[in-house]
Structure formats: structure tokens, C-alpha cells
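Have a look at the structure below, then the notes.
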Amino acid sequence: MSERAIDPVTLAVVNGTLRSVTREMGITLDRTSRSPVLKLARDYSNAVFDAGPRQLMQGEDIPVHLGAIQSSTRAVARYFEGEIHPGDIMYHNSPATGGSHKPDCTALKPVFWDDRLFFWVVNNAHLSDTGGTVPGGYNPLAEDMYAEGFRIPPIKICDRGIMRRDIVDMIVGSVRTTRHTRGDMRAQIGAVELAEKRLHGLLRRYGGDTVQACIEELLRAGERLMRREIAAMPDGVYEGVSWVEDDGHGSGPSRIRCVVEIRGDAMDVRMESRPQLSSYFNCYSAVTASAILLGVITYVDPSVPRNEGAYRAIGMDFGPAGSMLNAVEPAACSMSTTTPFDSIVEAVRDAMSKALPHRAVAGSSHMCFSIWSAPDPRSGEVYVFSAIPGLMGGGGASWGLDGWHCQGTVATSGAMLTGDIELTEHEYPLHTHFYELETDSACPGRWRGGLGGRYAIEPVGHETTMSSIGEGVQFPPPSLVGAASPYDRARVHRRWIVRADGTREDLPSHSLAKLRPGDVYHAFPPGGGAVGDPRERPVEAVRDDVRNGLVSVERAAAEYGVAIDPTTLEVDVEATRRRRSAAAGRPAAA
Amino acid sequence: MRARIGIDVGGTFTDFVLVDGAGRLFEAKVVSTPGDPARSIGEGLEALAAQLPAPLAELLASVDLVVHGSTVALNALIEQRGARTALLTTAGFRDSLEIRLAWKEKRYDWRYPPPPVLVPRHLRLPIRERITKEGEVHTPLVEEDVHAAAREIRRLGVESIAVCFLWSFRNPAHERRVGEILAAELPGVYVSLSVDVLPEIREYDRTSTTVVNAYVGPILRRYVEAIETYFAALGYRGAVRYQQSNAGIASGAEIVKKAVCALGSGPAAAPPAGLFHSRRFAQDDILTVDMGGTSCDVCLVRRGQPDLAKGVDVHRYRIGVPMIDVNTVGAGGGSIAFVDEGGILHVGPRSAGARPGPAGYGLGGVEPTVTDADIVLGYVDASRTLGGRIGLRPDLARRAVHERVAAPLALADEVAALAIFKIVNNNMARAIHEVSVERGYDPRDFALYVAGGCGPVHAWMLAREIGVERVFVPRVAPAFCAFGEVVSDVRHDYSRSVAGRMDTIDPARLGRLFAEMEEEGSRALGAEGIAPARVEVTRRYDIRYVGQIYECVVTTPRGPLTAQSLREIVERFHGVHQSLYAYAERDNLCELINVGVSVTGKLAPVDLAERRAEGGGPPAPIGARPVYFEERGGTVDSPVYAGDRLRPGQVIDGPAVVEEKATSIVAFPGTRLRLDGATYVLAAV
């Protein structure tokens, strides 16, 4: 069917229905799921594919699955080729076959029409636990993927309408959080079933041929829009660099290099990294692809659709098989969706910022968190708790806008919620001592980073095990286009325990600890990176930040060159002029 | 019944409805005067009196109830013109208002700013105190902190204070004591305690709601004082009531205390207006669609009760008190049609607003809107003047459609206009889908009521879009909410947090909570002149499976509580969960988070006088005009009728157009239109 023959009304309806299908799957997961990573961190993605499977629509969900949901769906479709039936529901989590990391479990339902496969409806959800040595699935001691809990290759949990009770029981029986995980799997199944119902409604109304013609046009439109965006970017070869910190197994810092080549209406992104590590910091290609796409679309109009057509214009090379960003079995990878994900995005953004400085977006705080687990003294049931407020550092600034406070890693980009303190205390045997913004935690710039937080909690009536995971403890989030990320204790993650006897115990990353009542866990996630020279930040904006306690009087003078009277909080105009003009000859970077 | 007046103040127009003692209905529409609302109210009242005709004083002497809907609270929030507000929080938790649970609405837009925080950080003052989740005092209230805060507040010229402490709903002693100290130290300053506004678990929702209440409270208080003074000066002796977000009305004294409940004042009157009309047809499951100039408001009503939502974001500010669940989409007469760079046609959500308005208004607009498409298609009378001032310019409407849509897509002008017409209908249908299908209801089981100035043009095709063969268009469509205001009952909502498992909760404890709320409600209604016999009570349970963070709602009438009745409520919860999310977990534990009570004071029902039936004969058209119908493959010369000359029982077969004072009802080919009481019914032949 030619482009001309498609009725614009039908096209709009098909597009709108695909969008509302992904949205509706998200609502079901949002409102009915149990795992904190799912219900609060909202660590899920929803998408619709055609029979291909080519991705037609991805929900406004978390970016870390941008590429992974495509590669998982392709792997599952390939595996079951010839055995795909109406009423099937597939399930999958294996990084070796297109998955991201094991906690991300994908439910897929083939949708049939006129006896042929027409759509795949897919959702990817991070579940509480994957079994294995360490609660929550992030094992800092793992040297290979076998130490990270169970692996689910492409399987069917529902075969021609019959639920595979045995298979579901095997999965939920392998994890600590059996009841919650069963509830989460039901939510995933509910979501794909709703999606199938809606798509059948669409097909009933317009017929398969018309819907197929619209799909082709939507993919073409996605490609046209993406190519137009790229064509408007200056041609050239741009290089970006970023760093990943030590993995706890003595890796030392790892360098990531990215080369972006823009030619006409297409671009190529090439990644280089060291050989894969014997720790959980490796990336299989699905996660690397997600990170590259996120880095690129940062510089693209947000209205460009995120479908397979749009991605046709972007070539990707992950580096040689067996390198850190293109890992092969049996590499461990449980941290990959945040580390090195965050650093990959930063390398791509760094390269892109050289082509388009006025669209620059600085780095967000990296992922560094703790997972608590113990039997709840009130019920005896084991809980697995992610201390989310303690990991939510500031978002990166963008050209023209300060960063958002407490956004957490760029891998979730604002999808993750901290949760209400009261709901957390209601659900878990914990007491919160404080949760606020932390002064001076953001990197200074014409547009400063969002602030990080200060957070302290204590177990009530029981002893608990805590694993400390992640990175962002050595390097502050990177700043761009004339701003620097001055190293400072408040600009990296800090964590310690104040024991009941008053002694303070600093917590290294990649470690395990125990807490009893009276022991208080403290976490200070850092602020985000900045954009632009801080001495160009309007004096009034600096003064407002000081008045609001976001920036101290000392830092206002030292980093922004703005002199403020500590008692009246008024600006000393003359001293400010002197400071800012004296600094004008020096580079901004500290 | 004595006469009633409904006054609905909108951004552009203020609508008036009068139902007189004989049940006759009068309408008026005047241009709003936001700086001086009394002026537009005066003009509208004069316009009503002129229709009787009678002097204004005589009209007011016959009225016992004036109900007022106003966007004053909402506009103060949207335009950031609320009171200078301070917030007192538990020390160590000063920033929940600004952190917003870390929620960012658009995560793929890196240049999307957070909403302005209503209380800047230096006005958020920490107070040392802490209550535990059990309601015990962990850290006693440090009163010196409160005195220091009061001094700071006086120094900074703050007009309003919100107080929200952690777990205060479990033990309100600290908040209450702070309220006493502030009242003594800062007389005249508006103080909002979270335990009064929203005594429920979730400190972010509670803080945000209390802050919004404090932020709009003083503005609303001044407004209500001005309205009451104005009516008193006119010698009016009856009651003045205000429309609330919960679709009920309340006295000035009540709404000023809970100003946040006035945010939805206006659109929330659509369900009562719809229910009034649907009574005649014995329907209590209805959908109302109010399509105005900039947007379209959709509400779903089941069993005569509109859906209420809690925890929604109103212009990005979290509101925890129940509001009529109005689904607003950018699908109005002013919604702009455009072809994107990928060659795809979109309609809205951007709107041409009142200025410049649609291109066809001739006020400088060049982008084609839905109204322009309607003009090109002949659905809107091009000889109409709007508000007696604006003459339509069909040439400009056509030019906009041609240049921005028809030419880029290589379509004929009428075909392009029809595409715009259909896409906006589809957008509205999707909004209906969101409140029905996405919540487990089939829209075809609901009677569709379409209103607003633009709705009657689109009514039939919207009905087709959602698969129904019949649609209802009230004659009062252009003043639908003003009418809804005069037929609303008095209503108040209360809630308490429970947070306990359904299988272990003590029915007697629940009974005490309900009794407490019902008592509070009866007192408020009593002060508003409602006799006890006219009070109705609905109870509400917010339940979820253990481990979830959102609840489903089950409502029941008042009645004795036993372990058995709680089990029945659990069973109903499973059913609600199944219909919403396609599954239920009968093997899982349920917990009750909040309970609530709605008390309704029923007012005497309004009855409209019927038009006299006329003996025999089909109606005579007053003219004809060319109208585009796809079914006929082009433009057809179609008869035009005057709505005010139609008699009950007369039928008109499409294609035809019926002109009302401020709107047009389009009867498409294959449809039959009939006036039934105060409602046009359009149905497939």
C-alpha cells in the first residue's frame, strides 16, 4: 500500500491506541505491583512490537530498557519460532539472550489476528529478588553470572491459555520474596492481557491490512523525524570519555571512550572499553545499546517517536566481544543497568556536547545504594528493602535549566520515586531520623546540578543484614561546557553507620554489614553535574540559593564569585564585582 | 420550590442559569471581569431579570439559593498568585514539598523544569518534634521553635501558614498545640493544620494538600467575603453556596476552611447536571462530555455517583482530598490542528484560547482550529455572532484550514476539515476510554451526555466513535455547569487513616471512626440548614493487597459493622481489583489504609416546566445552508431549525441543523432528533 493511500485519521487512531496500550500496561504495574524496585523505583518498561518483531511504541518508562526490551523480544521470538500460539505468555531474564540483568524479568504475549501473529506486547519489570547469595540480586562478590541468582532463558509460563503452574512455582520458590514476586508476575500477566484485549479491539475495527499499513507508515515517520534531527546536527567526528570506579575486586578505574560520527542524516556511535571484568560491572550488549540510545536522544527533540524506524538512523558498535561493554558468558553483570550504564551515557553525552553545546546535559549522581533484608519481627516474613531516598542524588543540569533534586541515576531519569516516609515505616520495621536536601552537594555552574540528600534510618526491634553496592564514591558526576565538578566529600556518595555506642563506621562500597536497634545508617547521595561557567550564574540566583540553604555563603564566594553577608544574606556588590573580574582571566575548572 | 440561580465564572465567559418558582429556565452569558467579578455578576443578574421581565430586586426576593462556581482558587494556583505562605515541618523533614517524591513527569525531556515550589525553602521552618507510627511521642514538641517560627513569620510578612508533621494523623497533639500558639501569636493569619485538611497516611500528599490549602485559602476567603458583601448589599436574604471539587456545594464558612476543596469548582458540576437530565430516562450510569473553547472535560458516573479521585496532580501539585475525577483533554473548539514534520496530522492539545481564538473569529489567529473546521464543514452557522460582538469570518477559517492542513496533505479543504473533525472526536473518545475502559467499564453501558458550546456539533460523531447509537444533548448545554450548580446537593467528605489488615481489624474501632466522621458531617450540615432527615451517608474503604502502594475503593451505606460485613467488603475489593487490573488474588492478605465518609444534604429537587405540546405538524425550518456530510459524499443543502420553536414529540430527520442561542446541534444523515423535556435525543434511525 502506498503512503498516499493511508487515511490520516486512521493513522492517528492507530498511533494513539499503541500509545495508550503502553500507558495502560504501565498503570497496571504501577498500581498493583509489590516489589519496591517496581512500585517505587518504577523500574519497568512497556512496549508493543509487530510480528517482526520490530518495536512500534515504547512507553514513557525508564530508559534502561530502551535497547534491552528490543533484544529480549527478538531473542524470545527467535527461540520459539514455529511454536508461537495464541494464548501463550513467554518469560525471560537472561542477559546472554538479550536481557539486561537478571532482576529484570520480561513477560511477552504474542497477539494473533486472522490466525497469524500480528503483535507482541511486552513488559519488563525489575523484581525484588533473584535468589542466589545476596538478597536483591546484586552480589558484590560475584565473579560470574552463576553467582547472581537464577537465569530464565526464553520459557513459556502460559501455554495456549494454560498457566504453567509448575514453572511459576519454580520461579517464585527460588526467591526470598515468594509472595511479592508471585504478585508481581500476576501484575505483569494482567498487563499483557489488557494490552492484547485493546489491540484486538483495534484490529476488529480497522482490519489487519489497514493496521499493518499504518504500522509501516509510523515506522517511516519515526525514521523521517530522527533523520531530520540528525541532519540538523553539524557533521563531524566527536569524542567523549568517562570513567567507571573500582569494582571492589581491584579493577581500578575503567575508562570508557565513545566516538560519535555524524554524516548527513545518519550517525554512528562506537564504544571502546577494556576486557570484561570478573565482577558485576560488565554490560551485555542490550544494556550498552540502551545507554547509547539514551545518550543520543538527550540531544534530540523529545517528540521524536522511540520506535524501530527512528533507530534505523543510528549505527552502534559495542566494541569487541568480551570487552566490558560487550560482555559474553559467563560475565557477571548485575550492576550493569546503572554501572557502567551511567558512564556510557556520560561518554555519549560528552561527545554529543561537542557537536551541540547548547543542548548539553551534565551527569547525574551515580548509583550507590544499600539493600536490607531480615525476617520482619512483626510477621516473621523475610523483607527485602531498598533504601531508595539514600541513593537519590541530584540530576544533571542541562543548558538553560538547573538539575532536578534527588532524581537518582540517569538510568531511571525521574521515573524512580523515593516513597513516602510514612508508608515505608508502615511497611518495614524501620525508623527514619531525617531526609532532606544536603547543602553544597551540587556541582556549581551557570546552571547548577540538582541537590542530593541526607538520609538516616535505623532498624526497629530486630537485627538486619545490609549490602552496600555501587559506585560514585570517588568521582563526582561530570559537568559540561565550562563547568567543572570540583571533588568534594559532599559531591560523592558518603555512607556510614553510627553505632549505638556513638562510634562512626564508614562503609566502603561492595560490602556487607549488620545493624541492630540503636545503629543508625546514614547516606548522603551527591548532587548532579553542572553546565556552564558558574561565574556566569546570575547573582540573584546565587543569592536565592544561599537564602534557601542550597549553597553556603563560603561556596557562593569560592565557587560562584558572589560575596554574601552571612548575617543579612545581602549581596556585597562591590566585592562580587572584584571576585568575578579577578577570576575572569582564569579557567573555570577548579 | 423557590427560585435558584447558578453562576459559573469561567476564564472567558460567566454563565448564568435561573430556575424560577414556576420551573422556567433562563440563561445568560456575559464576558468575565476577573479583576472585579461583581461587575460581571451584576451584568448577568440584570440580563436574567430582563428576560422575566422584572426589576432585579424583585427577582432576588423570589430566590432562596444562589450557587456559585468559580475558578478563583484554581487560577491563584495556576498563575502563582496565592498568599505568601510558610510551612512548619518536623525537623529533619523540611523538603518533602520540594523533593516531590522525586517525581518527574516527562523523563525524556531534559529541558522540562520542575513546577515552582509554593513555599520556598527559607519559609519552610523545621520544628523539633516527632511522633512514631504507633502515635507515641518520640521527641516532645519544642515550643520555643514554634515561637521562633512565629517571630520569623511576622518579620517576613507571611499571610498564611501550613503545618504538617510526620504521623500527625495518628496523634494530632503537636499540630493542635502549634495551631494554638500561632493563633495566639499571629491573629488574622490563615493557619492550616494537616490533621484538619487531610488526616491520612502519606506525608507528601498531606503536606502538598495542606500547603495548597494555605496558599489559596486567604485568596478564597477574600473572594467569598466580597461575594457575600455584594449580595447583602443587593438586599438578597437567601443562601449563597459554593460549588466544590466533590460535586457538592458548601457554605462560605465551610469552603474557606477547606479552600483546597474549591480547586475543581466549576467542572465538577457537570455530573449533577447530567444526572438531572438523565433522571427522565431512568439512567444512572452516564458519561458527561463538556466540550468548551480550550478543553474537553469528561466525567463518568456510576449508579448515580460520580467517580472521585484522590492523590491526583492538579497543575502538577498533588491534591489528596477527593475530587470529581474530571478527565480534561486539550480537545476544544480552539484546539489547533497541525501537520508535523513526519507528515502526521495532530489536533491539540495546544489551543488558540480566547485570544486570538480560531482563525474564523477574525482576531488575528492564523492557525486552523476545530471551530474553523466546523465552520468549513457548515456545522457552525457562519452568520452567528459570539456574545453579540464577534462576527465569524468563514473565509479566514477556510484559508487557515487550506494553508496549514489541506495543502501540505494534498487534500480538498472539506476533506482536511473533516479529518480535523474526526481526529478531535477520536481524542475525546480516547478521553472517554481512559475513564471507562481503562477502569474496567464498557462505555456502551453508559448514556452519553454531550454539552458545552462546541459539544452539540460533535455529539453524534463522538457517539459513533465510542460505538453507541444514541446521544443526549441538553438544551442548556452551553451553560451546563451553571445549571449543574443549581441542582447540586450539599456535600462534605472526611477521612481517617487506619493502616491495618482486614482480617484482624476490630470492627468496633472502625465503627468509632465512622461515628466520629458522621458526627462531624452532621454538625456541618446542620449549620448549613439541612434537616437531619435529609442527610445521606456513604462510607468509603481504601483497600489494597499487602505490599501494594495504591488502594482500590469500596463504598457502602451506613450500617452495623461485623466481622462478616468486613469479609463482604474484602470480597467486593477482589472484584474491583479484577475489573481494574484483569486479576484478583483471593489467596492474598488485604489491608485497609484509609476510611472515609461522604455526608450529603439533599436539597429539594428542581423541576423544569415542560413546554406546551403543540397539536400536530412537523416543525418548519427557518432556512437552509450547505453542510458537508461524508455519508453523502459532499455538501448538501440542509434545513435549519430554531430550537426555541420546537415542541415536545416533534422529530427531525437528518441531515439537518438545529440552532440554539449559543450552539448548534447537527443531525447527521441517518439520524433522528427529538426534543424530550429539556434534552435533545439524537439516535440512529
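Brief remarks follow.
- Within region B:335-353, considering residues that are in a loop (DSSP other than H, G, I, E, B) and more than 12 Å from chain A (Cβ to nearest Cβ), the one farthest from the chain's Cα centre (by Cα): B:352
- Scanning region A:482-518 for residues that are farther than 21 Å from residue A:372 by Cα, surrounded by fewer than 22 Cβ atoms within 10 Å (Cβ to Cβ) and at pLDDT below 95 yields A:482, A:484, A:486, A:487, A:488, A:489, A:490.
- Residues of region A:400-444 classified as hydrophobic (A, V, I, L, M, F, W, C), more than 8 Å from every other protein chain (Cβ to nearest Cβ) and closer than 30 Å to residue A:531 by Cα, total: 4
- Filtered residue count, region B:82-109, keeping only those that are in contact with a Phe, Trp or Tyr (Cβ under 8 Å, 6 or more places away or on another chain), of a type in the set (Ser, Thr, Tyr) and either more than 13 Å from residue B:127 (Cα to Cα) or assigned to a loop (DSSP other than H, G, I, E, B) (or both): 2
To keep it simple, each residue is scored yes or no on (1) farther than 30 Å from residue A:92 by Cβ; (2) surrounded by 24 or more Cβ atoms within 10 Å (Cβ to Cβ).
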position	(1), (2)
A:234	yes, no
A:237	yes, no
A:250	yes, no
A:282	no, yes
A:316	no, no
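- For region A:467-481, the criterion of being assigned to a loop (DSSP other than H, G, I, E, B), buried (at least 23 other Cβ atoms within 10 Å of the Cβ), of a type outside the set (Ser, Thr, Tyr) and out of contact with any His (no Cβ under 9 Å at 6 or more places or on another chain) is met by at least one residue.
- When A:315, A:319 are checked against the criterion of being among the small types (Gly, Ala, Ser), at pLDDT 95 or above, in a strand (DSSP E or B) and under 22 Å from residue A:284 (Cβ atoms), a single residue qualifies: A:315.
- Comparison of A:222, A:190 shows that the only residue that is over 30 Å from residue A:368 (Cα atoms), touching a Pro at 6+ places or on another chain (Cβ under 6 Å), part of a helix (DSSP H, G or I) and touching a residue at least 60 places away in the same chain (Cβ under 8 Å) is A:222.
- A Cβ distance below 6 Å, combined with a sequence gap of six or more or placement on separate chains, defines the contacts here; from region B:342-356, residues that are modelled with pLDDT under 85 reach residues that are aliphatic (A, V, I, L, M) in the pairs B:342/A:221; B:342/A:225; B:344/A:221; B:356/B:363.
- When we screen B:485, B:438 for residues that are within 30 Å of residue B:48 (Cα to Cα) and touching an Asp or Glu at 6+ places or on another chain (Cβ under 8 Å), the only hit is B:485.
- Filter result for the condition that a residue is modelled with pLDDT of 95 or more and not aromatic (Phe, Trp, Tyr), over B:576, B:640, B:651, B:606: B:640
- Restricted to region B:542-631, the set of strands (runs of 3 or more DSSP E) holding at least 3 residues that are exposed (fewer than 14 other Cβ atoms within 10 Å of the Cβ) comprises B:623-629.
- Here residue A:380 meets the list (1) part of a loop (DSSP other than H, G, I, E, B); (2) in contact with a helix residue (DSSP H, G or I) (Cβ under 6 Å, 6 or more places away or on another chain); (3) more than 8 Å from chain B (Cβ to nearest Cβ) almost entirely, failing just condition (2).
- Tally of residues being under 19 Å from residue B:73 (Cβ atoms), of a type in the set (Val, Ile, Thr) and modelled with pLDDT under 90 across region B:1-44: 4
- Of all positions in region A:25-34, at least one carries a residue that is within 12 Å of chain B (Cβ to nearest Cβ) and outside any helix (DSSP H, G or I).
- Among (1) assigned to a loop (DSSP other than H, G, I, E, B); (2) under 12 Å from residue A:476 (Cα atoms), the one test that residue A:509 misses: (2)
- Being free of Cβ contacts under 8 Å to residues at least 12 places away in the same chain, closer than 28 Å to residue A:420 by Cα, surrounded by fewer than 20 Cβ atoms within 10 Å (Cβ to Cβ) and away from chain A (no Cβ under 14 Å) is a property that residue B:140 has.
- Selected residue (only one of B:28, B:49, B:57 is without any contact (Cβ under 8 Å) to a residue 12 or more places away in the chain and out of contact with any Ser or Thr (no Cβ under 7 Å at 6 or more places or on another chain)): B:49
- Verdict on residue A:41 being more than 14 Å from chain B (Cβ to nearest Cβ), crowded, with 21+ Cβ neighbours inside 10 Å and at pLDDT below 90: no
- Taken over region A:165-208, the criterion of being among the hydrophobic types (A, V, I, L, M, F, W, C), within 21 Å of residue B:581 (Cβ to Cβ) and more than 9 Å from chain B (Cβ to nearest Cβ) is satisfied by A:168, A:171, A:172, A:185, A:192, A:195, A:199, A:202.
Results for (1) at pLDDT 95 or above; (2) more than 11 Å from chain A (Cβ to nearest Cβ), shown as yes or no for each residue.
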residue: B:421; (1), (2): yes, no
residue: B:426; (1), (2): no, no
residue: B:432; (1), (2): no, yes
residue: B:435; (1), (2): no, yes
residue: B:443; (1), (2): no, yes
residue: B:448; (1), (2): yes, yes
residue: B:466; (1), (2): no, yes
residue: B:472; (1), (2): yes, yes
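- Selection status of residue A:228, basic (Lys, Arg) and within 14 Å of chain B (Cβ to nearest Cβ): yes
Conditions tested, residue by residue: (1) touching a His at 6+ places or on another chain (Cβ under 9 Å); (2) in the same structural domain as residue B:205 (by TED's automatic domain parsing).
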residue: B:51; (1), (2): no, no
residue: B:56; (1), (2): no, no
residue: B:62; (1), (2): no, no
residue: B:66; (1), (2): no, no
residue: B:71; (1), (2): no, no
residue: B:74; (1), (2): yes, no
residue: B:87; (1), (2): no, yes
residue: B:93; (1), (2): no, yes
residue: B:101; (1), (2): no, yes
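- Residue that is under 24 Å from residue B:680 (Cα atoms), in a loop (DSSP other than H, G, I, E, B) and touching a Phe, Trp or Tyr at 6+ places or on another chain (Cβ under 9 Å), where the choices are B:332, B:293: B:293
- For region B:628-653, the tally of residues that are in contact with a Leu (Cβ under 9 Å, 6 or more places away or on another chain) and in contact (Cβ under 8 Å) with a residue 60 or more places away in the chain stands at 4.
- Checking B:110, B:167, B:103 one by one, the residue that is surrounded by fewer than 22 Cβ atoms within 10 Å (Cβ to Cβ), within 9 Å of chain A (Cβ to nearest Cβ) and among the hydrophobic types (A, V, I, L, M, F, W, C) is B:103 and no other.
- Search result, residues across region A:441-464 that are in a loop (DSSP other than H, G, I, E, B) and more than 25 Å from the chain's Cα centre (by Cα): A:446, A:460, A:461, A:462, A:463
- Selected residue (criterion: nearest to residue B:240 (Cα to Cα)) from residues of region B:256-290 that are without any contact (Cβ under 8 Å) to a residue 24 or more places away in the chain and not in a helix (DSSP H, G or I): B:284
The values are calculated or read from the model by the stated rules, or taken from the named source; none is laboratory data. Owing to the predicted nature of the structure, the values given are computational and were not obtained by experimental measurement. All Cβ positions, even for glycine, are placed from backbone atoms using ideal geometry, and neighbour counts span all protein chains on display.
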